[in-house]
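A short write-up of the structure that comes next.
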Amino acid sequence: MAIIDAVKERTQGSGYVVAWEGMDVSDTGEPFSQYQAADRSVQVQGTFDGTAVVIEGSNSADASVWFTLTDPQGNALSFSSAGGKAISEAVRHVRPRLSGGTSPDIDVYLFAQGRR
């Protein structure tokens, strides 16, 4: 299990694209914190090999307590194949977490658009 660095890229305006690339079995993404992000979406791609990617959020100051985020329809943000969804909850920290599978190679991208 490794913690994969969150690579941030500021977009035009007040947005960010955050990438966690090359994730493997049982990896967790470094938490991304963006308090003013009003709109958020996540995209997952790569080779899954039975792996589940869960997108988690935390409101604890030290990011020690996590829960699974949901899409606008109330479905858990858990991917077993490539896809993308909006994130409903506005939380202090966001991260991806992998579980299961044999030899995945997964990239996760978060878009966070801040308020102006």
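Brief remarks on what is shown
- Once the stretch 45-59 is narrowed to residues that are assigned to a strand (DSSP E or B) and in contact (Cβ under 8 Å) with a residue 40 or more places away in the chain, the residue that is surrounded by the fewest Cβ atoms within 10 Å (Cβ to Cβ) is 47.
- The one condition in (1) buried (at least 17 other Cβ atoms within 10 Å of the Cβ); (2) closer than 24 Å to residue 11 by Cα; (3) out of contact with any Leu (no Cβ under 6 Å at 6 or more places or on another chain) that residue 86 fails to fulfil: (1)
- Taking the stretch 76-116 as the range and being in contact (Cβ under 8 Å) with a residue 40 or more places away in the chain, among the hydroxyl-bearing types (Ser, Thr, Tyr) and in a strand (DSSP E or B) as the test, the residues that pass are 99, 109.
- Against the test of being more than 12 Å from the chain's Cα centre (by Cα) and in a strand (DSSP E or B), the options 39, 62 yield a single qualifying residue, 39.
- Flag for residue 4 being crowded, with 21+ Cβ neighbours inside 10 Å, modelled with pLDDT of 95 or more and over 13 Å from residue 110 (Cα atoms): yes
- Scanning the stretch 14-33 for residues that are closer than 22 Å to residue 48 by Cα and among the polar types (S, T, N, Q) turns up 26, 28.
The values are calculated or read from the model by the stated rules, or taken from the named source; none is laboratory data. Nothing here was measured: the structure is a model prediction, and the numbers come from that model. Here Cβ is always computed from backbone atoms with ideal geometry, including for glycine, and neighbour counts include all displayed protein chains.
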